[in-house]
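The numbers here are math on the coordinates, done by the rules we state, and not lab data. Please read all numbers here as calculations on a predicted model, not as lab measurements. Here the Cβ is made from the backbone with ideal geometry for all residues, glycine too, and neighbour counts use every protein chain on show.
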Amino acid sequence: MQSVNIEGTLRTALGKKYAKAARAEGHVPCVMYGGDAPVHFSAPTMSFRDLLYTKEARKAAITIDGTVYEAILKDSQWHVVTDQVQHLDFIQVLEGKPVTLEVPIALIGMAKGVRNGGSMKIILRTVRVRGLINDIPSLVEHNIEALRIG
């Protein structure tokens, strides 16, 4: 699983007023859960591009005031009109502790049924996987060449 490096700054002032001010400066307010206490931080919006706009599951190496945390993205909130990211929630990955995350499914090939005039309805695009972070793939590939109509 690939890792994305994010440089963040600790947020001491919390609440709507301070989150709005962070967004005005081009930062995204974030929270990281899973350690002793939640860590509130913000980072530049562009630093999340490789984490949010990808087909693969990725982990994040978040550096906050010199301390490096390994985390996975748990939830994202988006503005309804502008489609800008508003807030991100992360889960800290601790050594030896299993994590649960959604891994995208990649379909390989074209099904025989589709070649013969059928249509394929894709119901699941992700699958929930639980395990140690280093054992979880960033993408689950599935060959569909042999699928027929019916």
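When only residues in region 90-129 that are under 15 Å from the mean Cα position of the chain (by Cα) and of a type in the set (D, E, K, R) count, which is surrounded by the fewest Cβ atoms within 10 Å (Cβ to Cβ)? Outline the logic, then answer.
Taking region 90-129 as the starting set, the residues that turn out to be under 15 Å from the mean Cα position of the chain (by Cα) are 90-93, 99-105, 125-129.
This time we only want the ones that are of a type in the set (D, E, K, R), so: 102, 125, 128.
On the way: Glu102: 14, Arg125: 11, Arg128: 9.
Applying the filter and picking the extreme gives Arg128.
Residue-by-condition table, conditions (1) basic (Lys, Arg); (2) more than 22 Å from Pro29 (Cβ to Cβ); (3) assigned to a helix (DSSP H, G or I):
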site: Tyr69; (1), (2), (3): no, no, no
site: Ser76; (1), (2), (3): no, no, no
site: Leu88; (1), (2), (3): no, no, no
site: Ile91; (1), (2), (3): no, no, no
site: Gly113; (1), (2), (3): no, yes, yes
site: Ile122; (1), (2), (3): no, yes, no
site: His142; (1), (2), (3): no, yes, no
site: Arg148; (1), (2), (3): yes, yes, no
Could you grab the pairs with beta carbons closer than 6 Å, sequence gap of 6+ or different chains, first residue in region 3-15 and touching a residue at least 40 places away in the same chain (Cβ under 8 Å), second one surrounded by 12 or more Cβ atoms within 10 Å (Cβ to Cβ) and basic (Lys, Arg)? Ser3/Lys59; Val4/Arg58
Could you tell me whether region 43-61 includes any residue that is without any contact (Cβ under 8 Å) to a residue 24 or more places away in the chain, loosely packed, with under 13 Cβ neighbours inside 10 Å and assigned to a strand (DSSP E or B)? no
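Could we say that Leu14 is under 21 Å from Arg128 (Cα atoms), not acidic (Asp, Glu) and not in a strand (DSSP E or B) here? Even if it seems obvious, please write down each step before you answer.
On the way: under 21 Å from Arg128 (Cα atoms): no; not acidic (Asp, Glu): yes; not in a strand (DSSP E or B): yes.
The answer is no for Leu14.
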